[in-house]
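K.L.:
One structure, as structure tokens, below. Some questions next.
No lab work stands behind these numbers, since they all come straight from the coordinates. Because the structure is predicted, anything quoted here is derived from the model rather than measured. Glycine also receives a Cβ, built like all others from the backbone with ideal geometry; neighbour counts cover every protein chain displayed.
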Amino acid sequence: MPELPIQRVGIFGGTFDPPHFGHLVAASEAAAQCLLDEVVFVPAGDPWQKQHRRITDAASRLALTRLAAEPDPRFRVSTCDIDRPGHTYAVDTVADVRAEYDHPVDLYFIFGADSLENLRTWHRVDELCKVVKFIAVNRPGHSRREVDTSTGIEVEFVDMPGVGISSSECRRRVANAEPIRYLVPDAVDDYIAERGLYRS
Ligand code: ATP
Ligand code: MG
């Protein structure tokens, strides 16, 4: 039987510096609970909301994201934000991911509850609302109730088992020679160790 075309697509943008199991559980739960055919991980090129710290080069973050996401057949990685010059804006990401399909798809934008708290400040968010549906996953320390009242934008909530892992904590651990085994996929851990990433 021919496979049905991919119809419902989740876009999961992030710095992924590095990707960890919180990202993978979020993508997996969004896919399962919102019946997504695939989730596209989109590593940011130049994240404007993180200019206060140096971001690891895009090639390394892309390699890490591939190692983390590609073993799962429901996940793929798009380089559209890395390939596009200038700042990364979600509206551009959505347009570029849509163009990666040769048929119409329904797009869902996935993010953690912490990102939802500043959704109002996102560049051209009103335009974004018209072309995607938002999916928020819970993240420890960011309650659903808080999030709900802080924006007027309609969001579908996905309850996932809380994963208290962040990329910042992974970077801090590596810098302090502490393990990140079991916080990130083994292949990610190995790549970080081999390349000496995040060492202070
Ligand atoms: P950093 O600590 O550098 O900010 P991060 O762990 O927040 O990194 P990002 O790349 O900033 O990772 O996040 C990408 C997306 O994944 C965001 O929407 C974020 O809210 C979500 N996310 C990250 N970690 C988790 C987690 N543990 N649980 C749920 N969502 C998460
Ligand atoms: Mg973050």
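K.L.:
Any chance you could run the full-extension gain for residue 37 through residue 7? It's 0.36 nm times the residue separation minus the Cα-Cα distance, nm to one decimal.
P.N.:
10.2 nm
K.L.:
Of the DSSP beta bridges with both residues in the chain, give the percent that are antiparallel, rounding to the nearest 5.
P.N.:
Bridges in the chain that DSSP calls antiparallel: roughly 5 percent.
K.L.:
What nm distance separates the two modelled labels at residue 91 and residue 118, each placed 7 Å from Cα along Cα→Cβ?
P.N.:
Taking the simple label geometry, residue 91 and residue 118 are separated by 1.9 nm.
K.L.:
For residue 11, which sequence-distant residues (separation of 5 or more, or a different chain) have an amide H within less than 5 Å of its own amide H, given hydrogens modelled in the peptide plane?
P.N.:
Those qualifying (amide H under 5 Å, at least 5 residues apart or on another chain) are 40, 108, 109, 110.
K.L.:
Which of these, 45, 13, 164, has the largest mean-square fluctuation under a Gaussian network model of the chain (Cα springs below 10 Å)?
P.N.:
Highest fluctuation of the listed residues: 164.
K.L.:
How high is the relative contact order of the chain, in percent, with contacts defined as C-alpha pairs under 8 Å that are six or more residues apart?
P.N.:
25 percent
K.L.:
How much length, in nm to one decimal, is gained on full extension between residue 84 and residue 57, taken as 0.36 nm per residue of separation minus their Cα-Cα distance?
P.N.:
Full-extension gain reported as 8.3 nm.
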